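Encoded as C-alpha cells, the structure appears first; notes follow it.
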Amino acid sequence: MRYKVGMNEHDDDRPLDPAAMLALLEDQQQDVQRKLARYVPAILLAWGVAWLFGFGALWAIEGAKPAFAIPLPVSVGIFVGLMVIAVIVSAVAGNRSQRGIRSSPAARFTGTVYGITGSAGFFAIFVFAAALDANGMDQQLMNIYYPSATGLFIGLMYIIAGAIWHAIPAIWMGAWIGLVALVAPFFGYPTNYLVFAVAGGGVFLIGALFMLAYSRGKRAAV
Amino acid sequence: MTDLDPVIHAQARLRIVSALATLDVGESITFPRLQDLLAMTPGNLSTHVRKLEDAAYVVVTKAHQGRMPVTYLELTRLGRRAFEDYTDQLRKLLGGTS
C-alpha cells in the first residue's frame, strides 16, 4: 500500500492526480484481496502435513520393511488424527477470513450446495466401498480403492471450487491431485501411499508457499 | 470531458468504495472488519461513510448478533455503478482504451 494511515488523515478528503488515484484504487483492491487470503496458507499447510505424514504413516506399515515398520493401529491413528486436525484448521481459518462478511443469498446457496456435495461425496465413497466389499472385493484392494477414490473426488472438488470462486491455482491443484490419484494405483500397495504422501502432500505444501508469497504482497497471477 | 465524481474523488472515500467493490453484489461487511481491512480510525471511517451514505452509494444496515448490535455496510447498485464509471473515466483520462 502506498497509502499510510495516520500520515495524512487530514489530506484524505482531497484527491490526488488521476494516475495516483488509479494506483490508490488498484492498490486498495489488491490489499483487500490479499488480506482476505491471509488464512489460506495455514489451511494448505495443514493439509500438506496431513497428507505427507498421514499417507506416509500408512505407507510405513509395510513399505519400509525390513528397515522399520509402524504398527497398523498407530499409523491409522496418525492418519486419522492429522486429517481431523486439518479439518479443524480449515474450519477455524475459513471462519477467521470470513468474519464480519455477510454473503449474499446467492453466494450462501452456492456455498451450501458445495459443502453438502463434499460431505455427501465422502459418504458415497464409503458406501461404494461397502458395496464392493459385499461383492467379495479383496481387502488388499481397499488400500488401492480408498485413497484413489477420495483423491479423485477431492481433485474434482478443488477444480469446481476454482471455477466457482475464480481461483486458478485451485484448478491446477485439483488437476494434479486427480492425476496423483489416477497414477498411484499403478505403483501397487504400499507404494501407492508413498505417491500420495509425496506428490499429493507436496502440492499442498507448494500451494501454501505460493499463497504465503501472495498474501505477503509479492505479485502473483491469481 | 465530464468532471470526476466528487463523492468518490477523495482518497479516503475512493479507498472505502474500492474495498467494498471487491465484495460480490449483495455481500456486506461489518464496520469493524472494514476498518481493520482499511486500517482507518473509526471516526475517519464513519465521517466518510456518512458522505457515501448521503449520496446513496453505500447502505448501512443494523443487525443483531445475539445481543450485540452489528453495523453492516454495502455498496448500493448506484454506488457500484458510480465506482465503475469513475474507474472508466480515470482510465480514459490517462489515455487507456477501456
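Specify which of the listed residues (A:P71, A:P41) is out of contact with any helix residue (DSSP H, G or I) (no Cβ under 9 Å at 6 or more places or on another chain) and over 18 Å from A:H166 (Cβ atoms).
Numbers: A:P41 fails: out of contact with any helix residue (DSSP H, G or I) (no Cβ under 9 Å at 6 or more places or on another chain).
Exactly one residue qualifies, and that residue is A:P71.
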> What number of residues within the range B:52-72 are farther than 12 Å from B:L20 by Cβ, in contact with a Phe, Trp or Tyr (Cβ under 9 Å, 6 or more places away or on another chain) and not hydroxyl-bearing (S, T, Y)?
Replying inline: 3
>> If B:E53 satisfies all but one of (1) without any contact (Cβ under 8 Å) to a residue 12 or more places away in the chain; (2) out of contact with any helix residue (DSSP H, G or I) (no Cβ under 9 Å at 6 or more places or on another chain); (3) at the interface with another protein chain (Cβ under 7 Å from one of its Cβ atoms), what's the number of the condition it fails?
In response: (3)
>> Which residue is nearest to A:S97 (Cα to Cα), if the candidates are limited to the range B:1-56 and must be assigned to a helix (DSSP H, G or I), among the polar types (S, T, N, Q) and within 13 Å of the chain's Cα centre (by Cα)?
In response: B:Q35
>> Could you tell me how many of the residues in the range B:57-98 are surrounded by 14 or more Cβ atoms within 10 Å (Cβ to Cβ), in a strand (DSSP E or B) and polar (S, T, N, Q)?
In response: 1
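Here's the yes/no breakdown for (1) more than 18 Å from the chain's Cα centre (by Cα); (2) modelled with pLDDT of 95 or more; (3) of a type in the set (S, T, Y); (4) over 19 Å from A:A42 (Cα atoms):
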residue	(1), (2), (3), (4)
A:A149	no, yes, no, yes
A:P169	no, no, no, no
A:V180	no, yes, no, yes
A:G200	no, yes, no, no
> Restricting attention to the range B:1-12, and to residues there that are free of Cβ contacts under 8 Å to residues at least 60 places away in the same chain and more than 8 Å from every other protein chain (Cβ to nearest Cβ), which single residue is nearest to B:L94 (Cα to Cα)?
Replying inline: B:D3
> Going by the conditions given, is A:A161 assigned to a helix (DSSP H, G or I), loosely packed, with under 15 Cβ neighbours inside 10 Å, free of Cβ contacts under 8 Å to residues at least 60 places away in the same chain and aliphatic (A, V, I, L, M)?
Replying inline: no
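If you check A:F186 against the conditions, is it assigned to a helix (DSSP H, G or I) and surrounded by fewer than 17 Cβ atoms within 10 Å (Cβ to Cβ)? Lay out the reasoning, then the answer.
On the way: assigned to a helix (DSSP H, G or I): yes; surrounded by fewer than 17 Cβ atoms within 10 Å (Cβ to Cβ): yes.
It is true that A:F186 is assigned to a helix (DSSP H, G or I) and surrounded by fewer than 17 Cβ atoms within 10 Å (Cβ to Cβ).
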> Taking A:G100 and the conditions (1) away from chain B (no Cβ under 14 Å); (2) surrounded by 15 or more Cβ atoms within 10 Å (Cβ to Cβ); (3) touching a Phe, Trp or Tyr at 6+ places or on another chain (Cβ under 9 Å), which numbered condition does it fall short on, given that it satisfies the others?
Replying inline: (1)
>> Among the residues of the range A:103-126, what is the count of those that are surrounded by fewer than 11 Cβ atoms within 10 Å (Cβ to Cβ) and among the β-branched types (V, I, T)?
In response: 2
> Which one of the conditions (1) loosely packed, with under 14 Cβ neighbours inside 10 Å; (2) part of a helix (DSSP H, G or I); (3) among the small types (G, A, S) does A:G217 fail to meet, given that it meets all the rest?
Replying inline: (2)
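Restrict the check to the range A:47-63 and report whether at least one residue is within 14 Å of chain B (Cβ to nearest Cβ), touching a residue at least 24 places away in the same chain (Cβ under 8 Å) and outside any helix (DSSP H, G or I).
Taking the range A:47-63 as the starting set, the residues that turn out to be within 14 Å of chain B (Cβ to nearest Cβ) are none.
No, the range A:47-63 contains no residue that is within 14 Å of chain B (Cβ to nearest Cβ), touching a residue at least 24 places away in the same chain (Cβ under 8 Å) and outside any helix (DSSP H, G or I).
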>> Which residue is nearest to the other protein chains (Cβ to nearest Cβ), if the candidates are limited to the range B:27-37 and must be without any contact (Cβ under 8 Å) to a residue 24 or more places away in the chain and out of contact with any helix residue (DSSP H, G or I) (no Cβ under 6 Å at 6 or more places or on another chain)?
In response: B:R33
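The values are calculated or read from the model by the stated rules, or taken from the named source; none is laboratory data. Values in this document were obtained by computation on a predicted structure and should not be read as measured data. Cβ: placed from backbone, ideal geometry, glycine included. Neighbour counts: every protein chain shown.
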